[in-house]
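Since the structure comes first, as structure tokens, the remarks are kept for the end.
Taken together, the values in this text are just the output of simple stated rules run on the coordinates, not laboratory data. Source: prediction; values computed, not measured. Methodologically, a virtual Cβ is constructed for each residue, glycine included, from the backbone with ideal geometry; neighbour enumeration extends over all protein chains shown.
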Amino acid sequence: GVRDFGSPVRVNQLGYLPSGPHRATYVTTATTPLEWRLVDASNTTVARGKTTPYGADALSGDDVQLIDFGSYRKSGSGFRLVVGEDVSEPFDIAKNLYSKLRQESLEYFYNNRSGIPIEAKYVGDAWARAAGHVGVAPNKGDTSVPCVPGSCDYSLDVRGGWYDAGDHGKYVVNGAIAAWQLLDLYEATDDKIALKIPENTNRVPDVLDEARWQIDFLLRMQVPAGQPLAGMVHHKIHDAAWTGMALAPASDPQPRYLYPPSTAATLNVAAIGARCARVYARWDHAFANRCLSIAQKAWTAALQHPAVYAPDGGVGGGAYDDVKVTDEFSWAAAELFTATGKTAYKRHITTTLKAADGFSWQETGGLADLALARAPWRLSILDQLKLVGRIAKAADTYLADLRSQGYANPYKPANGRYVWGSNSGTANNAMILALAADLTGRSAYKSAALESLDYLLGRNALNQSYVTGYGERDSHQQHHRFWSHSLNPAFPSPYPGSLAGGPNSGLQDPVAQRNLQGCAPAKCYLDELGSYSTNEVAINWNSALAWLTAYADEA
Ligand code: 9MR
């Protein structure tokens, strides 16, 4: 049938910062400027102006016009934009607009912890659950996990960490980049926001406590001394077969296995271990030293085994396969260089940030530059200038991409196809814009970083806020084993602040295949539990949202 996207006036359904950009998109085939009005909660017109005709937006297939109500800067709630008979969803204009989302997007991680009970006193009754995978029946537990039969003859204690996404797997490639982004968030914003987590009374910033839960797990994945491939890191641990939906982690009865080590996973641990060593040095010396020593062992092992690749395919878990690891070598080298200052690492930094690549779990070349950006004192003045130039150059592309689209979005794939997890492409490119703004002081970058949040929160082709609990038309049926309310009412909906993967041209699940044939790239999305290729949650996507909302809250 015909899909109903509600009002053609598309706004950030959470709202706008008083001092930030105030833009919206109107879907219309009209080609001449139209009058728009901003009305307040009592329906009084507080501002008016003319739309700017734009034309056909390539990736959504929509004909649109643009609205800029930047002339109005007062705070309030319940505003709406009106064009003719069409009325937008309501929104706020407020200085503290992103404070709650900044916090809840980070509390996503506590909710997805393995190996610890999720307590009602932190998350409320609906989201509380027993500890998963601690060896209490029917769980086999992650405290003594054997290798997949025939691949090694030891077991490892790999308890803890975060579940990757809607599934119960824990993957080093991806796990590391998500933890990395929380550490970078801490460094970018000096984050001291209190989170509702068990560690919130210690003296360590809560975001670092949360990241440490994951880092401790990642460090446990290293092959022990005396074993073949010692120092390498197991690629992943997950169930023998995919676990069913509407299943709490503690109820998973299946055997779980360690999958063989890979060079990519080993370099991910080298990178996160080095970043950990630098960031936690101020807070916990012993932990920082342990991180560094494991990172260095991993680095040495990766040099000895530079081409051990995790296979594509497989059952029971994601593949996270990657056969190009020059970028992982470069990222790890950059993190080790910034942590230690040792020039031996420097010659292994072979990649730079490129707008076309961005960064992701698979493409980590750009992270070398992002690592250096956090430790400029390691670089000569000339190299610092070059680094800022490269980051600004990538930001220029994202700025142009955002400005050239009817729904402002710094993500604009050159091949015209949205990828699995496209919303993280938006958030990660916005992060580069924010970083470029910090490094250059150019307000256009900052404004574009903030405007990117408009896309994620409703100013898009589907009138969809992709964040649970934020906006009138929010995603709330994301693919998740425990947050399976729409399948079984005994389970909760996603915790507020959970980001959906977003439009994916690939239609890689049966629900998408049944319902989305022929979709325009920006519309290949369904808020349905079964559409894992468009509507899953994932740690590496929420880490990007957390980074960006922390930045917006500081702005
Ligand atoms: O985010 C991953 C995406 O880049 C891949 O294209 C996709 C298919 O391999 O896998 C995504 O990651 C999923 C992982 O394999 C298993 N856990 C859920 C992840 C998010 O959907």
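Less than 11 Å Cβ to Cβ from S7, Lys/Arg counted +1 and Asp/Glu -1: what total charge do the surrounding residues give?
-2
Between A414 and T201, the distance separating the two model label sites (each 7 Å from Cα on the Cα→Cβ line) works out to 5.5 nm.
For the chain, the membrane-span-like helices by this rule, meaning whole DSSP H stretches whose C-alpha atoms cover at least 15 Å of axis and whose Kyte-Doolittle mean is 0.0 or above, are 172-189, 263-280, 285-304, 326-340, 381-403, 422-440, 443-456, 539-554; this says nothing about an actual membrane. Q477 sits among other residues whose Cβ lies under 12 Å from its own Cβ, and their net charge, with Lys and Arg +1 and Asp and Glu -1, is -4. Ranked by the mean number of other Cβ atoms within 10 Å of their residues, highest first, the peptides 22-31, 169-178 fall in the order 169-178, 22-31.
Considering helices alone, the calculated mean residue ellipticity of the chain at 222 nm is -11500 deg cm²/dmol, with DSSP H runs of length four and up weighted by -39500 (n - 2.57) and normalised per residue.
Each peptide in 414-422, 210-218, 268-276, 356-364 receives the mean, over its residues, of other Cβ atoms within 10 Å, and ordering these scores from highest gives 268-276, 210-218, 356-364, 414-422. In a reduced charge model with +1 at each Lys and Arg Cβ and -1 at each Asp and Glu Cβ, the chain shows a dipole moment near 1120 debye about its Cα centre. With neighbour counts taken as other beta-carbon atoms within 10 Å, the residues L183, L453 rank, fewest first, as L183, L453. Within the shell defined by Cβ-Cβ distances under 10 Å, the residues around D142 carry a net charge of +4, with Lys and Arg each +1 and Asp and Glu each -1.
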